[in-house]
Amino acid sequence: MDFRSLLAFLAVTFGREEFDARSVSSLMRWVLREAFLSDPKLVVRTSRKTISNDLRRLYFMGFLKRRRVKRKCKTKSGKTCFRGYEYKYFISSQEWKYLKYLASGQ
């Protein structure tokens, strides 16, 4: 999936809400569930690691903004603790302008 189609997918799906790589990956797998039977490369393409790299690339291109939050985990004993960080992304104003430009067809 190229970055333009990913931008459009994020804009249509999440709008002004925050999202992370886990939610984008699971939603893409749900949307493309029938296509997985015919193309096994889609499983790799929609993995959390690949989506995370794509979101990072869009962030550095200026299309996304992000904030760092502590990642909650449960230990073996059942306690909740924080291990590392995850990023919550949201669409920047530059992406909205770019999508408007793409829709105009220039």
_Which of the numbered conditions does Ser23 fail, given that it passes all the others? Conditions: (1) within 12 Å of the chain's Cα centre (by Cα); (2) open to solvent by 80 Å² or more (accessible area, probe 1.4 Å)._
(2)
*Out of all the residues in the stretch 59-69, is one or more open to solvent by less than 40 Å² (accessible area, probe 1.4 Å), over 17 Å from Phe14 (Cα atoms) and among the aliphatic types (A, V, I, L, M)?*
yes
*Criterion: assigned to a helix (DSSP H, G or I) and touching a residue at least 12 places away in the same chain (Cβ under 8 Å) - qualifying residue of Tyr101, Tyr87, Tyr59*: Tyr59
*Could you check how many residues of the stretch 21-79 are over 14 Å from Leu6 (Cβ atoms), of a type in the set (Lys, Arg) and out of contact with any Phe, Trp or Tyr (no Cβ under 8 Å at 6 or more places or on another chain)?*
8
_Being out of contact with any Ser or Thr (no Cβ under 8 Å at 6 or more places or on another chain), exposed (fewer than 15 other Cβ atoms within 10 Å of the Cβ) and not in a helix (DSSP H, G or I) is the requirement here; does Arg33 meet it?_
yes
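The values are calculated or read from the model by the stated rules, or taken from the named source; none is laboratory data. The shown structure was predicted, so the numbers you read here are calculated from the model rather than taken from an experiment. No Cβ is skipped: glycine too gets one built from the backbone with ideal geometry, and neighbour counts run over all protein chains shown. These area figures cover heavy atoms from the full protein model, side chains too; ligands, DNA and RNA do not enter into them. Shrake-Rupley method; radii C 1.70, N 1.55, O 1.52, S 1.80 Å.
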